[in-house]
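Student: Starting off with a structure, shown below.
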Amino acid sequence: MVVSINVQGKKVLVAEDEPDIRGLIVFSLQFAGYEVVQASNGEDAIDVAEREQPDLILLDVRMPKLTGYEACERLKAKEATRHIPVVFLSALSQEAEIRYGLGLGGVEYIIKPFAPDELCHA
């Protein structure tokens, strides 16, 4: 699956608890010209999103402190962050999981594993 990040601005928040995966995504996005901010859990993702106001949030579904689903719910409930598009990243590929994430306000659901450079194809 190739997902093209096409956002008005260039700032992307990557919320992923696995440092190696987060590092690969961050590197790929930076190489493509995006400014990247990072979080390693759902709670930090909310804090960083409020402070940095990214143009897009990539949220891993299974993270400590708050899951990606819980973080998305809270982000969509806040006036300051509800407008920011959320893309879920997950190894959970069941149709019910995908529908649930999109129902919370996600605009896309990317199944792991994926090649990080697939996020940046123009």
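The values are calculated or read from the model by the stated rules, or taken from the named source; none is laboratory data. These numbers were taken from a predicted model, which means no experiment stands behind them. Cβ coordinates were reconstructed from backbone atoms using ideal geometry, including for glycine residues, and neighbour counts include every protein chain displayed. For accessibility, only protein heavy atoms count, side chains too; no ligands or nucleic acids. Shrake-Rupley method; radii C 1.70, N 1.55, O 1.52, S 1.80 Å.
Student: Determine which member of the set Arg22, Arg62 is basic (Lys, Arg), closer than 16 Å to Lys11 by Cα and open to solvent by 10 Å² or more (accessible area, probe 1.4 Å).
Tutor: Being basic (Lys, Arg), closer than 16 Å to Lys11 by Cα and open to solvent by 10 Å² or more (accessible area, probe 1.4 Å) holds for just one of Arg22, Arg62, which is Arg22.
Student: Can you pull out every residue in segment 13-35 that is modelled with pLDDT of 95 or more and either hydroxyl-bearing (Ser, Thr, Tyr) or within 15 Å of Pro85 (Cα to Cα) (or both)?
Tutor: If the condition is that a residue be modelled with pLDDT of 95 or more and either hydroxyl-bearing (Ser, Thr, Tyr) or within 15 Å of Pro85 (Cα to Cα) (or both), then Leu13, Val14, Ala15 are the ones that fit.
Student: Here is a follow-up. Determine, yes or no, whether Ala77 is at pLDDT 95 or above, open to solvent by 20 Å² or more (accessible area, probe 1.4 Å) and hydrophobic (A, V, I, L, M, F, W, C).
Tutor: Yes.
Student: Give all pairs with beta carbons closer than 9 Å in which a residue from segment 54-69 that is within 9 Å of Leu89 (Cα to Cα) meets a residue that is open to solvent by 30 Å² or more (accessible area, probe 1.4 Å) and outside any loop (DSSP other than H, G, I, E, B); count only pairs at least 6 apart in sequence or on separate chains.
Tutor: Asp60/Ile21; Asp60/Arg22; Val61/Glu97
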